[in-house]
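Okay, structure first, notes after.
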Amino acid sequence: MTTSIKNKIKSIRELKNYTQEYVADQLGVTQAGYSKIEKGKTILSFAKLVEIARILEVSVEDIISFDSQRYFNSFNTVKGNNNSSGVIINSDDSAALKHLYEDKIELLEKLLSRTEQELDRYKDKFGDI
């Protein structure tokens, strides 16, 4: 596995606010085992890469072509609404960035829903405190 693939996987996972534990659980491996993938200490098969892409809700091509610097520069340019960095955002970059943020919002909404359900279970079990 090349250094760039492991870094791309890690960057996408972090952009989606997924923990190593979450991805490891979805892969059916330990967190330590998954950490070895991101550190390049284990060989990543194509099948495992496909599975990671599925978990991260991106295509293998998205992982391979992911350019974190371009996305971060695009984000800073969009956020600040200035182009002092000289980065030109084309429609593909904007769409990809929008997709990442929509995914992040969806994940946060799911997390909030699960937290509310867990809170309701605790209230049922222990009553309002």
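For this structure, a couple of remarks:
- For beta carbons closer than 9 Å, sequence separation of 6+ or different chains, a first residue in segment 93-111 that is open to solvent by less than 50 Å² (accessible area, probe 1.4 Å) and modelled with pLDDT under 75 and a second that is outside any helix (DSSP H, G or I) and β-branched (Val, Ile, Thr), the qualifying pairs are ASP93/VAL87; LEU97/ILE89.
- Residue check for LEU27: without any contact (Cβ under 8 Å) to a residue 40 or more places away in the chain and open to solvent by less than 40 Å² (accessible area, probe 1.4 Å): yes
- Selection from segment 1-52 of residues that are within 16 Å of the chain's Cα centre (by Cα), of a type in the set (D, E, K, R) and in a loop (DSSP other than H, G, I, E, B): LYS16
- Residue that is surrounded by the most Cβ atoms within 10 Å (Cβ to Cβ), among those in segment 30-87 that are modelled with pLDDT of 60 or more and aromatic (Phe, Trp, Tyr): TYR34
- Of the residues making up segment 12-24, those that are without any contact (Cβ under 8 Å) to a residue 60 or more places away in the chain, surrounded by 16 or more Cβ atoms within 10 Å (Cβ to Cβ) and of a type in the set (Ser, Thr, Tyr) number 1.
The values are calculated or read from the model by the stated rules, or taken from the named source; none is laboratory data. All figures in this text were calculated on a predicted structure; none of them were measured in a lab. Neighbour counts are summed over all protein chains in view; Cβ atoms, including those assigned to glycine, are modelled from backbone coordinates with ideal geometry. Heads up: the accessible areas ignore ligands, DNA and RNA and are worked out on the full protein's heavy atoms, side chains in. Shrake-Rupley method; radii C 1.70, N 1.55, O 1.52, S 1.80 Å.
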